[in-house]
Each structure stands twice: as C-alpha cells, then as structure tokens.
Amino acid sequence: MNDLHASPDTTSPTSRQNVHAKGDGWEVVGFCRTMPGEHSCGDALSVYPGDGFVTVLVVDGLGHGKRAHEASAAAVTHITERLRTNPAAGLESLMLTCHKALHGTRGAAVGICRLEPEQRMLRFCGVGNIALTSHPGRRGLGVSLAGVVGYRMRKSKEFVCEMEPGDLTILYSDGVPSSVPIKSLAPKGLGAMVDEVYEQHSKNHDDATFVVIRLEPAR
Ligand SMILES: [Mn+2]
C-alpha cells in the first residue's frame, strides 16, 4: 500500500506520520512529525507518482502550530490540484503559482523534487529552509533559494542533476539539523535510516520532516 501524504493534525492518533511509496525505478520513504506539545503540524510531506517519474513535496509553514499548518496545507492543496490536472507540470511553474496561492497565509518554505528514473535525472526547485542532499554526493544537485513562498519570493529556479542507480536523494525541513549524519545512516537502508533520524535527530522545538528518494539499482 502506498502512503502518499503526511501532515499530522488534531485528528491524528500520533504526532508522526509516515510516507512510503514505490514505483517503476524509485522508492520513497519519509516521515513528518509535529513539534512536541503542538496539535497541528506546520510541516507537510507529499508524494505524487507520475508516468515515468515521481514528484516529492516538502513544506515547512513559517513557525509552528495552527497557522503554520494552514500555510503548509494551502501549499499541498495547490500542488496536489495542479499535478492532478498536469502530473508533469514544470517545477518552476509550480513554485510560482504556489507563491500566489499562499498569499494571505503566513508563508512557507517549499521544496519540490522530481526523479526521472529512466533518464537518471533529478530536478529540484526550492525556496526557503528546505535542505537537499544526496548520497553519495552529486555535483549540481541544487539548493533552495532565499525567500518565503506566499510572502517574499524573488525567483524560482530549477536545478537538474544526473544521478546513478542506487543514489539517495534526501530532503528535510529545518526541524532536522544539517549535521544529520547521512553517510553513516545511508548503509542501514531506507526504513532504518528514516527511523533513526526520527528517534535521534529531530529537534524538539520544531516540526520535522525527512524523506529519502532512492533511484533503484538496475536489476
Ligand atoms: Mn521549521
């Protein structure tokens, strides 16, 4: 079964929600966790399987709590609707219309990633504090640009990077520290890696999201 969306709120039985999805040439495993003591999660994580590719969205609504949740929920609603009508919509275009859709909310950091397994191509477009890294490290992976989606965004830019089979692409919100030891976690496998980040590396004073996208090794 595919679990494609996570953004815990008051109706959730736990503060942690997982995503796990698999498609042709890719696998995605991640979690989204509410800040301890809060009822709504300001972070959101969504996976959108496409025909020959997968799109992954990580959102961190500014701050935490209910209004952060409103901002991230607006981003998820908008991106979900756009990808429903056009699953292959360009990432820069998605970011630009998301910026408009979030006007009037508190704003959010947004990272959108698309893996095309056949072409071994990774595309990324990010604004604000969403970190992108890979294992092993690949050149040209791209970075999130400065700004707040829905509030102040200078531009959006798509980075394109060539990947190798078995490569991991990792996206996370600032509820996970940039010192998270990817190198030592990666050999443990996707599930164990994600669990260990949840248990040992998520900050207590923020919502936290961490997701790993694997380009499946050739069979
Ligand atoms: Mn945060």
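Coordinate-derived values only; no laboratory data. Note that this is a predicted model, so its numbers are computed, not measured. Reconstructed Cβ throughout: ideal geometry from the backbone, glycine too, with neighbour counts over all protein chains shown.
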Once you've got the Cα coordinates, tell me which of Lys22/Lys183; Lys183/Lys203; Lys155/Lys183; Lys22/Lys188; Lys66/Lys100 are over 26 Å apart.
Lys155/Lys183
The base-10 log of I(q)/I(0) that the Debye equation returns for the stretch 36-100 at q = 0.20 Å⁻¹, one scatterer per C-alpha, is -0.76
Cα-only radius of gyration and Dmax that characterise the stretch 1-128, units Å
14.2, 44
Rule-of-thumb Rg ratio for the chain [Cα; 2.2 N^0.38 Å; N residues]:
0.92
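Counting pairs of alpha carbon atoms under 8 Å apart in space and at least six apart in sequence, what relative contact order in percent does the stretch 2-97 give?
Rounded, it is 21 percent for the stretch 2-97.
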Signed unit charges on C-beta, dipole axis of the chain, positive-most listed residue Met153, Val47, Ile112
Met153
Rounded to the nearest 500, what is the 222 nm mean residue ellipticity of the chain from helices alone, with -39500 (n - 2.57) per DSSP H run of 4+ residues and division by all residues?
-6500 deg cm²/dmol
Which parts of the stretch 180-219 would a label at Asn2 reach, counting a residue when its backbone N lies under 17 Å from a point 7 Å out along Cα-to-Cβ?
212-216
Expected sort for Arg154, Arg16, Arg114 with the fewest Cβ neighbours (10 Å cutoff) up front is Arg154, Arg16, Arg114
Going by a ≥ b ≥ c, the root eigenvalues of the Cα gyration tensor, does the stretch 130-204 fall in the rounded group (a/c under 1.5), the prolate group (a/b larger than b/c) or the oblate group?
oblate
How many angstrom separate the Cα center of the stretch 119-135 from the Cα center of the stretch 1-70?
17
Taking the alpha-carbon centre of each part, the distance from the stretch 147-162 to the stretch 166-219 in Å is 23
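Nearest 20 debye, what's the magnitude of the dipole of the stretch 5-215 about its Cα centre given +1 on Lys and Arg Cβ and -1 on Asp and Glu Cβ?
Rounded to the nearest 20 debye, it is 540 debye.
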